[in-house]
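The values are calculated or read from the model by the stated rules, or taken from the named source; none is laboratory data. Treat the numbers as computed from the prediction; the structure is a model and nothing was measured. Note: ideal-geometry Cβ built from the backbone for every residue, glycine included; neighbour counts use all protein chains shown.
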Amino acid sequence: MRKRTLMTKIKNEYAGRIFSTLCGFFIIILTITIIFFITSRGIQTFTKHGYPLSDFLFSGNWKASENKFGTFNFILGSGVVSLGAVIVSTPLAICLAVFMNLISPRLGRKFLQPAMELFVGIPSVVYGWIGITVLIPFIKRSFGGLGFSMLAGIIVLSIMILPTITSISSDTIKTIPQDYLEASYGLGATRWQTIVKVIIPSAKSGISTGVVLGMARAFGEALAVQMVIGNARIIPKNLLQPGSTLTSAITMDMANTTTGSAWNAALWSMGLILLIVSFIFIVITRIISRRGDLH
């Protein structure tokens with residue numbers, strides 16, 4: 001009986017190991033397939049249709065009817081909106097993480113943590129709809145113009161990435177040894193001095209990782225930004241003017257193009273840019289994590 005039980009456990013262990021290995025290989029193959037598919041479609045703008053790479057990246061002249069596909073205004077819009085969202089949300093996220101762990105852990109555990117989890121689960125279209133109904137009229141009344149602007153996109157994205165940065169920063173602060181706090185208090189430091197001089201520097205690796213991941217999500221967000229940014233294919237002169245991003249341009253135009261056309265290939269090339277940017281964010285995250293482990 002014991003021998004049969006032992007054989008059953010061994011079979012289950014091997015079956016689980018084989019299944020896990022197959023799942024791992026499946027993920028690898030799926031990732032390589034996606035990369036190959038997007039790359040093969042994205043390079044057709046330059047190989048099949050002969051459009052210059054310099055004009056594609058550094059020209060803001062996008063006229064699909066004339067086969068002109070300058071994407072600089074979209075790249076600039078994505079960069080400005082993502083960077084602006086990170087600048088707005090990072091200080092708030094760090095303050096929330098510190099408050100949840102060091103100032104009022106009970107309030108953070110009962111209210112703030114569930115609130116962050118709720119924010120993560122809200123669909124993008126809800127953020128966009130709230131932006132249209134609440135944020136756009138507010139910007140229009142306060143600053144003039146149409147309300148649809150780069151500023152609206154920044155505010156909406158900053159709210160969307162706030163839970164990501166807050167959660168990662170909070171988890172990092174939780175891993176800081178209690179000895180650090182006791183040593184700081186033992187030397188006569190106040191709680192504020194301990195937070196600024198000990199906690200934040202010790203958690204900078206995790207906070208930086210959260211910022212990079214938040215910016216990666218902001219860079220790839222499509223629907224919510226598309227609903228509030230105005231989708232004007234121009235280079236905005238200030239944050240109160242409408243603009244466009246790579247993701248919003250792709251979602252608006254992809255259904256209107258014919259497979260194999262120069263316009264369709266240009267949109268795939270924009271998707272390839274997003275893929276490359278995603279890889280850059282992943283590499284930055286890995287570098288930050290390794291530095292954190294070394295220290």
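Considering each of 282, 235 in turn, give the residue that is over 27 Å from residue 146 (Cβ atoms) and among the β-branched types (Val, Ile, Thr).
Working: 235 fails: over 27 Å from residue 146 (Cβ atoms).
None of the others qualify; the one that does is 282.
Might you let me know whether the stretch 270-289 holds any residue that is over 21 Å from the mean Cα position of the chain (by Cα) and within 30 Å of residue 66 (Cβ to Cβ)?
Going through the stretch 270-289, the residues over 21 Å from the mean Cα position of the chain (by Cα) turn out to be none.
No, because not a single residue in the stretch 270-289 is over 21 Å from the mean Cα position of the chain (by Cα) and within 30 Å of residue 66 (Cβ to Cβ).
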* Could you please give the count of residues in the stretch 173-206 that are aliphatic (A, V, I, L, M), at pLDDT below 85 and within 17 Å of residue 105 (Cβ to Cβ)? => 1
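Give 154, 161, 165 a once-over and let me know the one that is modelled with pLDDT of 90 or more, surrounded by 22 or more Cβ atoms within 10 Å (Cβ to Cβ), part of a helix (DSSP H, G or I) and in contact with a Lys or Arg (Cβ under 8 Å, 6 or more places away or on another chain).
On the way: 154 fails: in contact with a Lys or Arg (Cβ under 8 Å, 6 or more places away or on another chain); 165 fails: in contact with a Lys or Arg (Cβ under 8 Å, 6 or more places away or on another chain).
Exactly one residue qualifies, and that residue is 161.
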* Checklist (1) within 18 Å of the chain's Cα centre (by Cα); (2) surrounded by 20 or more Cβ atoms within 10 Å (Cβ to Cβ) applied to residue 131, failing item -> (1)
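Pull up the stretch 131-164, narrow it to residues that are of a type in the set (A, V, I, L, M, F, W, C) and without any contact (Cβ under 8 Å) to a residue 24 or more places away in the chain, then point me to the one that is nearest to residue 240 (Cα to Cα). Steps first, please.
Narrowing the stretch 131-164 to residues of a type in the set (A, V, I, L, M, F, W, C): 132, 134-136, 138-139, 143, 146, 148, 150-152, 154-157, 159-162.
Checking which are without any contact (Cβ under 8 Å) to a residue 24 or more places away in the chain leaves us with 134, 138.
Working: 134: 16, 138: 12 Å.
It comes out as 138.
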* **residue 105 vs. criteria more than 26 Å from the chain's Cα centre (by Cα) and under 25 Å from residue 205 (Cβ atoms)** => yes
* Test: residue in the stretch 46-66 that is among the β-branched types (Val, Ile, Thr) and not assigned by TED's automatic domain parsing to the domain that holds residue 246 -> yes
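Return yes or no: is residue 247 under 20 Å from the mean Cα position of the chain (by Cα) and either assigned to a helix (DSSP H, G or I) or surrounded by fewer than 18 Cβ atoms within 10 Å (Cβ to Cβ) (or both)? Break it down stepwise before answering.
On the way: under 20 Å from the mean Cα position of the chain (by Cα): yes; either assigned to a helix (DSSP H, G or I) or surrounded by fewer than 18 Cβ atoms within 10 Å (Cβ to Cβ) (or both): yes.
Judged against the criteria, residue 247 is a match.
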* Checking residue 218 against (1) outside any helix (DSSP H, G or I); (2) among the small types (Gly, Ala, Ser); (3) surrounded by 16 or more Cβ atoms within 10 Å (Cβ to Cβ), the condition it does not meet -> (1)
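Can you find, within the stretch 261-284, the residue that is farthest from residue 47 (Cα to Cα) among those that are small (Gly, Ala, Ser) and assigned to a helix (DSSP H, G or I)?
Of the residues in the stretch 261-284, the ones small (Gly, Ala, Ser) are 261-262, 265-266, 269, 271, 278.
So of that shortlist, the ones also assigned to a helix (DSSP H, G or I) come out as 262, 265-266, 269, 271, 278.
Values: 262: 11, 265: 10, 266: 12, 269: 11, 271: 16, 278: 23 Å.
Going through the qualifying residues, I end up with 278.
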* Asked: Counting residues that are within 30 Å of residue 181 (Cα to Cα), which helices (runs of 4 or more DSSP H) fully inside the stretch 37-143 reach at least 2?
  -> 72-98, 113-121
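Looking at residue 260, is it touching a residue at least 60 places away in the same chain (Cβ under 8 Å) and either under 24 Å from residue 150 (Cα atoms) or among the small types (Gly, Ala, Ser) (or both)? Give the derivation first.
Working: touching a residue at least 60 places away in the same chain (Cβ under 8 Å): no; either under 24 Å from residue 150 (Cα atoms) or among the small types (Gly, Ala, Ser) (or both): yes.
So residue 260 fails the test.
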